[in-house]
Amino acid sequence: MKDKAIQIENLSVYYGETPALTGVCLDIGISEYLGIIGPNGGGKSTLLKAILGLVPISTGRIKIYDHGDKRKEVIGYVPQYTSFDKRFPITLLEVVMTARLRNGLSPFFRFVPKDMEMAYELIEKVGLKGLENRQISELSGGEFQKMLIARALTLKPRILLLDEPTANVDENARGQIYNLLAELNKDITIVLVTHDLFAVSSQVEKLACINGKLIYHGEPELSENIVNRLYGCPVDLIAHGVPHRVLRRH
Ligand code: ADP
């Protein structure tokens with residue numbers, strides 16, 4: 001095991017009386033590329049939010065490097081696409097730069113030139129050069145996701161958490177996003193929540209399967225037994241196009 005970027009011990013998260021996660025133990029190594037899969041409602045987003053400190057933890061603890069409560073400064077977060085109102089009148093450049101505002105958008109906010117320069121660089125890095133002044137309502141799904149990645153990178157994170165960054169994107173953009181993540185993974189630990197089994201079969205280095213609890217953690221290779229415990233329907237899953245090499249020989 002590489003040195004650890006994130007250590008999760010016996011994590012449980014409840015929303016009221018409802019358990020979203022129970023007894024999760026998971027270590028993520030520095031510069032690891034971890035994929036997380038599981039059914040809808042399985043607790044994947046909750047796990048990311050718990051790592052970020054955005055939901056209260058009922059039991060257990062999460063250690064981020066040795067930073068303790070400064071965790072937000074080392075983690076970049078790309079939330080689910082659906083959590084944004086795309087009608088908000090703001091440009092791509094402004095969205096990327098807002099991550100640098102310590103107090104969020106306020107009536108008298110100011111960007112410093114250094115932040116602007118960095119935003120331009122990151123926009124180019126994610127492949128969106130030239131679209132800086134486009135309204136976000138006029139971006140494609142892929143462009144929107146790349147913008148969110150640029151935004152997450154503005155705080156120079158050592159860990160990047162992404163919640164389904166290839167949902168709502170076309171085939172071409174999906175490939176570009178995976179290439180970008182592979183490039184970023186040279187320096188940054190990546191945790192990718194996904195429904196995309198292509199990512200599982202060809203991109204990630206380690207896999208965690210979550211359905212309320214941790215069902216599997218290891219190589220990105222699934223046995224029918226794991227798929228069955230995870231989704232309860234192996235035949236359906238295969239019929240919906242799981243690349244065969246994801247499944248271990250049986
Ligand atoms: P996933 O990301 O795997 O789809 P989530 O982490 O979003 O799963 O949800 C896990 C469980 O917690 C689900 O049963 C969901 O309905 C519930 N849940 C998520 N967010 C909230 C919330 N803010 N309030 C109440 N229940 C929630």
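The values are calculated or read from the model by the stated rules, or taken from the named source; none is laboratory data. Since the model is a prediction, treat every value here as computed from it, not as a measurement. Quick reminder, even Gly has a Cβ in these numbers, built from the backbone with ideal geometry, and neighbours come from all protein chains shown.
Odds and ends about this structure:
- Check on Ile159, more than 17 Å from Leu47 (Cβ to Cβ) and among the β-branched types (Val, Ile, Thr): no
- Against the test of being closer than 15 Å to Thr189 by Cα and of a type in the set (Lys, Arg), the options Lys49, Lys63 yield a single qualifying residue, Lys63.
- As for the stretch 174-192, it holds at least one residue that is modelled with pLDDT of 95 or more, under 16 Å from Leu162 (Cα atoms) and within 16 Å of the ligand (Cβ to nearest atom).
- Subset of the stretch 34-48 that is touching an Asp or Glu at 6+ places or on another chain (Cβ under 8 Å) and among the hydrophobic types (A, V, I, L, M, F, W, C) - its residue that is farthest from the ligand (Cβ to nearest atom): Leu34
- Per-region count, the stretch 162-177, residues under 16 Å from the mean Cα position of the chain (by Cα) and part of a loop (DSSP other than H, G, I, E, B): 6
- Among the residues of the stretch 9-28, those identified as part of a strand (DSSP E or B), within 16 Å of the ligand (Cβ to nearest atom) and surrounded by fewer than 23 Cβ atoms within 10 Å (Cβ to Cβ) are Ser12, Val13, Tyr14, Tyr15, Thr18, Pro19, Ala20, Thr22, Gly23, Leu26.
- Flag if Ser31 is within 15 Å of the ligand (Cβ to nearest atom) and either within 30 Å of Glu138 (Cβ to Cβ) or small (Gly, Ala, Ser) (or both): no
Yes/no per residue for (1) surrounded by fewer than 21 Cβ atoms within 10 Å (Cβ to Cβ); (2) part of a helix (DSSP H, G or I); (3) free of Cβ contacts under 8 Å to residues at least 40 places away in the same chain:
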{"position": "Gly142", "(1), (2), (3)": "no, yes, yes"}
{"position": "Lys146", "(1), (2), (3)": "no, yes, yes"}
{"position": "Leu180", "(1), (2), (3)": "yes, yes, no"}
{"position": "Val191", "(1), (2), (3)": "no, no, no"}
{"position": "Ala199", "(1), (2), (3)": "no, yes, no"}
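- Among the residues here, Gly23 does not qualify as closer than 25 Å to Ser223 by Cβ, over 14 Å from the mean Cα position of the chain (by Cα) and at pLDDT below 95.
- Positions within the stretch 193-221 being of a type in the set (Lys, Arg) and within 16 Å of the ligand (Cβ to nearest atom), in sequence order: Lys213
- Residues in the stretch 35-62 that are part of a loop (DSSP other than H, G, I, E, B) and at positive phi: Gly38, Gly41, Gly43, Gly53.
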